[in-house]
1. Among the residues of the range 24-44, are any surrounded by fewer than 16 Cβ atoms within 10 Å (Cβ to Cβ), of a type in the set (Ser, Thr, Tyr) and modelled with pLDDT under 90?
2. Can you pull out every residue in the range 115-149 that is free of Cβ contacts under 8 Å to residues at least 60 places away in the same chain, aliphatic (A, V, I, L, M) and under 11 Å from Glu97 (Cβ atoms)?
3. Going through the range 170-186 one residue at a time, which ones are surrounded by 15 or more Cβ atoms within 10 Å (Cβ to Cβ) and part of a loop (DSSP other than H, G, I, E, B)?
4. For the structure I just gave you, tell me whether Ala81 is within 26 Å of Arg39 (Cα to Cα) and in contact with a Pro (Cβ under 6 Å, 6 or more places away or on another chain).
5. What residue, among those in the range 109-161 that are charged (D, E, K, R) and under 15 Å from the mean Cα position of the chain (by Cα), is nearest to Thr174 (Cα to Cα)?
6. Among the residues of the range 143-169, what is the count of those that are touching an Asp or Glu at 6+ places or on another chain (Cβ under 9 Å) and assigned to a loop (DSSP other than H, G, I, E, B)?
7. Looking only at the range 119-142, which residues are polar (S, T, N, Q) and either part of a helix (DSSP H, G or I) or within 11 Å of Val161 (Cβ to Cβ) (or both)?
8. Output the residue which, of all residues in the range 41-68 that are within 16 Å of Pro31 (Cα to Cα) and of a type in the set (A, V, I, L, M), is farthest from the chain's Cα centre (by Cα).
Amino acid sequence: MVHEAGRVRHLRVIPSVQPPRSAFAGFNFPPRVILIAVRWYLRYGLSYRDLEDLLAEGGIEVDHVTLFRWVQRFTPLLIDAARPGRHTVGGRWFVDETNVKVSGSRRYAYRAVDQYGKVVDVFLSKKRDLKVATAFFVSAITAHGEPAEITTDRAHALVRVIAELLPAALHDTTRYANCRVEGDHGRLKARLRPMRGTKPASSMQGRAQSNSAVPLQAGTGTLQSLTWAVGWVE
């Protein structure tokens, strides 16, 4: 607890969370250096060459290709390590789709965030239609259960899927009501811009689960958990 000009701030003690030591076997750098590099890349709008320059200023010589390999190797592990510290998904979902660039080609990313700004699910597809919208909602409901309220635009596919899969949920299509997820799209794209898009997943249709599609998940809500996980590495 800290007193500042009569105001009281309560500081939350954050335990150190990191992948098991065995995950770092075979790497020539200390775990602390690797985790800080991965955190900086995921948390801030840096390219791999930007990160290489920043580490060099601190006396750490690491090639940008090595940094790329660290991010691909450790991001999924950090997500798993951070998951216990994340809040349970809320009962209000804001759903929308947006365009992202994958290896120079445009793809549709269906995304949902809850009332706390946490990313509920992500689904990457070549198309934007009823079949894809259904697959996205089935995936999200299977992982997190049914929400009590959903906010979307008036896209026909979304309206139909929600009516079929979630008839008991309150569906809000009021104009401007979906600003929460639309604003979150902006944060995601701002993060992807220095990376010049993302790399192709093993399948262009399906959840963004492969290592090459990690930025789609880690670009927004997951970053809160990643920061929590590696912000106090010892």
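The values are calculated or read from the model by the stated rules, or taken from the named source; none is laboratory data. Since the model is a prediction, treat every value here as computed from it, not as a measurement. Reconstructed Cβ throughout: ideal geometry from the backbone, glycine too, with neighbour counts over all protein chains shown.
1. yes
2. Scanning the range 115-149 gives a single hit, Ala133.
3. Thr173, Asn178, listed by residue number.
4. So Ala81 fits the description; yes.
5. Pass one, the range 109-161, residues charged (D, E, K, R): 111, 114, 118, 121, 126-129, 131, 146, 149, 153-154, 160.
Those left that are additionally under 15 Å from the mean Cα position of the chain (by Cα): 111, 114, 118, 121.
Values: Arg111: 18, Asp114: 17, Lys118: 21, Asp121: 22 Å.
So the residue we want is Asp114.
6. Summing the residues that are touching an Asp or Glu at 6+ places or on another chain (Cβ under 9 Å) and assigned to a loop (DSSP other than H, G, I, E, B) in the range 143-169 gives 7.
7. Matches in the range 119-142: Thr134, Ser139, Thr142.
8. Only one residue tops the list, namely Ile60.
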